[in-house]
1. Where the second residue is of a type in the set (S, T, N, Q) and surrounded by 21 or more Cβ atoms within 10 Å (Cβ to Cβ) and the first is farther than 16 Å from Q295 by Cβ and lies in the range 168-192, which pairs have Cβ atoms under 7 Å and are six or more apart or on separate chains?
2. Out of the residues in the range 62-115 meeting the condition of being charged (D, E, K, R) and within 24 Å of the chain's Cα centre (by Cα), tell me which one is nearest to T13 (Cα to Cα).
3. Just give me the residues in the range 382-401 being part of a helix (DSSP H, G or I) and of a type outside the set (G, A, S), in sequence order.
4. Can you name the number of the only condition in (1) surrounded by fewer than 19 Cβ atoms within 10 Å (Cβ to Cβ); (2) farther than 23 Å from T381 by Cβ; (3) not basic (K, R) that P11 fails?
5. What is the residue count in the range 110-126 for residues that are surrounded by 18 or more Cβ atoms within 10 Å (Cβ to Cβ) and either in contact with a helix residue (DSSP H, G or I) (Cβ under 9 Å, 6 or more places away or on another chain) or in contact (Cβ under 8 Å) with a residue 60 or more places away in the chain (or both)?
6. Specify which of the listed residues (V305, V269) is part of a helix (DSSP H, G or I), of a type in the set (A, V, I, L, M) and in contact (Cβ under 8 Å) with a residue 60 or more places away in the chain.
7. Among I239, I248, which is the only one that is assigned by TED's automatic domain parsing to the domain that holds Q170, on the phi < 0 side of the Ramachandran plot and at pLDDT 95 or above?
Amino acid sequence: MNALLVYPEFPNTFWSYKHALKFIRKKAAFPPLGLLTLGAMLPEEWSLRLVDLNVRNLTAKDLSWADCAFVSAMAVQRNSTNRVIAELKAADITVVAGGPLFTCEPESFEAVDHLVLNEAEMTLRGFLSDLERGKPQRVYNSSAFCDITQTPAPKWDLLDLSKYASMCIQFSRGCPFNCDFCNVTTLFGRKTRVKTAGQMVAELDGLYSLGWRSPVFFVDDNFIGNKPYLKTRLLPAIINWKRGKKDITFNTEASINLADDAELMGMMVRAGFDSVFIGIETPNEESLAECGKRQNRNRDLLDSVKSIHRAGLQVQAGFIVGFDHDSPGIFQRHIDFIQNSGVVTAMVGLLQAPTGTRLYKRLLQEGRILGSMSGDNADGTTNIVPKMDMAQLKRGYHYILQSIYRPRNYYRRVRTFLREYNQPKKTISIDFQRVLAVFRSSVRLGILGKERFHYWWLLVWTLMRFPQHFPLAITLAIYGYHYRKVMTSNRR
């Protein structure tokens, strides 16, 4: 059996980093981890070919070679997904689909031949067994959650690693919290299931043996969901693995209560973590209560962010406007919080309701659902009817973006962050692409860009005050260019 593993294209979004990737000549920020893991679950005698449409096109040779195609996608990839399914069906190729988009919206994809939904560890085996008998069903579903200690390592050999800026691996699934707008617990449950430390070391060894020396993203929705295992097993194992491996760094996602555990933060930094995405959502206590974000309540969120920065982890954060308890003053409160906290990477979006969440169910009963969400957390769209006037909400939303990504405010925020950031000194190998990125940024941002004064002042200021952070300052300047380009396109 010749099987294509097809990953649809991401649009130009906040997290695509398409404009930033041009500086280092990479095609995509991350590889399709789900399809790589799926590839390791398929029969060994099958011939597999990965087609990541963020890296290359689907060709006539691919179509003529394939007997079937496995497609996986998230909601933000919906448009590309529909196009690629149509192309595969036109070539008379059997289409098998799974992943978050299809699990949440199976009724939207009538053209798909077989839907293998939920966790593939629970549903793929039944499909393959029926396929071998010549009697595959259309839908395979399961309400049970798998034991991910049995999940195989991703099939890295399907990738052209040179096309990607970062690799990604997964340690855990599930989250102990239950925010009403989040579909993580709908898809993966509230019990944090973890792989063994041995599995993670083996996956890292696999990447390292292939020559990977760049960042690795732990895609866990809440990396600190099982703190005891992190402290006693995983982090000590990674700290030991990292000895003598200077270039690889890690980043992940976690909840704000990370700030309460100095020991855990210290271990993460020693293991090589240098940044963490946190859902801060809003500085409005009433809105936090409304959405069930209990881990963010009754705390000084600003102090929590600064504590994480001082521990040596850069906070990247998500913010939301459009809660029922948001008043017109919320827009300036967001701006003030973001600027004062030094959160450089601040993703701000309108509240959306993913299918299956408690928020979706509540608003559906109230007649306030407008359809499917876009899946793009920062495109200025929403699938709900907010309590605030929609026009006022959107004006306020764009006011936030214009303010925080205006060059003067953005570069000021970078300096605020660097004053707090206490990342240990690292030895970074000087490679050709890094040198070229500095050159390209000096031309694009320092000569041609409207932010050229702010760019050069940041570099001079950093060299004078925090020379160890000079490479990071360059990186954040390039990120700012991407964010402004995306925000400009979203205002059209």
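The values are calculated or read from the model by the stated rules, or taken from the named source; none is laboratory data. Here the structure is a predicted model, which means the values were calculated and not measured. Note that each Cβ is placed from the backbone with ideal geometry, even for glycine, and that neighbours are counted across all protein chains shown.
1. S172/T192; N183/T357; T186/T357; L187/T103
2. R78
3. M390, Q392, L393, K394, R395, Y397, H398, Y399, I400, L401
4. (2)
5. Total satisfying the criteria: 10.
6. V269
7. I239
Yes/no per residue for (1) in the same structural domain as R56 (by TED's automatic domain parsing); (2) of a type in the set (S, T, Y); (3) surrounded by fewer than 20 Cβ atoms within 10 Å (Cβ to Cβ):
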site: P106; (1), (2), (3): yes, no, yes
site: D160; (1), (2), (3): no, no, yes
site: S172; (1), (2), (3): no, yes, no
site: F181; (1), (2), (3): no, no, no
site: T192; (1), (2), (3): no, yes, no
site: V201; (1), (2), (3): no, no, yes
site: L204; (1), (2), (3): no, no, no
